[in-house]
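Peer 1: Take this structure, written in structure tokens, and hold onto it; I'll ask about it next.
What follows draws every value from the coordinates through simple rules; no lab data is involved. All figures in this text were calculated on a predicted structure; none of them were measured in a lab. Reconstructed Cβ throughout: ideal geometry from the backbone, glycine too, with neighbour counts over all protein chains shown.
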Amino acid sequence: MAARAYWKGQIRLALVSIPVEIYTATKSGATIAFNQIHEPTGKRIRYEKVVEGVGPVDPDEIVKGYQIEKGNYVILTDEEIESAKLESKKTLELTQFVDADEIDVLYFEKPYYVVPADDLAEEAYIVLREALRRTKKVAIGQLALRGREYVVSLKPCGRGIVLETLRYADEVHKAQGYFRDIEDSKPDEELLDLAETLISKKSKPFDPALFHDHYIDALKDIIERKSKGKTIHTDEDDDKAPQKGMNVVDLMAALKKSIAKPGAANDEEAPKRKPAAKKAPAKKAPARKPAAKAAPEKKRAGGRR
């Protein structure tokens, strides 16, 4: 495996130890980094570290401090900070198992791939993977890594196992503070049926490859065109601001219109409309058209008299 292991150690479940290696499962996406430029000269702006009333300071004079009240800091040395760090352990003890849907998505932070360290570890690894899959449980443990301790979960992922670091309780805002003003009422059944129909119509397997960061693509295009000396035209449209509210009548109409868009009708309904168009008597009407035109002419003639 070309990638470098992020952590090497063993997963311990009671008296069973499984040598494993952990690899980062994600990578940073394409980003566009900007520098601040002095427009008159085209040169990059640099920043100096300064103290009010003193001016620029030497980097060797800078220390770390924690503010306990405004303007009052507790100074800590690098050695004191290092002394609080935990030694990385080589064992991940699985201490608890919970239902797979019991952990709120807000707590999941970053995923890692867990693979057996060698062929001898593979059998126990597979047993753990399949036991988690059959019981629909997630394993929980704590892992000291790079100076701090993480709560982690393990769950099956295809042929392997994924470890995810979890946020601590004090790192997550309580949802009640944001949702308390939302009414605890049941929606109109017809509206709910329409919404379910629309969801069903648009349901299909998730494919992450279908999604692209259009913002990054647009920025790259602008940068490329400007680098070639082309003028960039920007259009600002303030009228496209989203509406803040929608009443029940508007919502009903919007849902019905969404479902009735081209392609929404099923194959059985489509053929029923076509015969109706063919049965229309419009094609036989030309035989009566001369009489229809003659009548107005007589009226006009009568009018002139």
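Peer 1: Quick one: check the C-alpha center-to-center distance for region 157-229 versus region 59-75, whole angstrom.
Peer 2: 40
Peer 1: For V172, what is the net charge nearby, where nearby means another residue's Cβ is under 12 Å from its Cβ and Lys, Arg count +1, Asp, Glu -1?
Peer 2: -2
Peer 1: Here is a follow-up. For region 1-158, list log₁₀ I(q)/I(0) at each q in 0.08, 0.11, 0.13, 0.17 Å⁻¹, using the Debye formula over Cα point scatterers of equal strength and ignoring solvent, two decimals each.
Peer 2: -0.45, -0.71, -0.84, -1.08
Peer 1: Taking each pair of distinct Cα atoms in region 1-54 once, what is the resulting Kirkwood hydrodynamic radius in Å?
Peer 2: One decimal place: 17.2 Å for the Kirkwood radius.
Peer 1: Past 31 Å, Cα to Cα, is the threshold; run K137/K174; K137/K257; K70/K110 against it and keep the listed order.
Peer 2: K137/K257; K70/K110
Peer 1: Mind sorting R225, R159 by how few other Cβ atoms lie within 10 Å of their own Cβ, fewest first?
Peer 2: R159, R225
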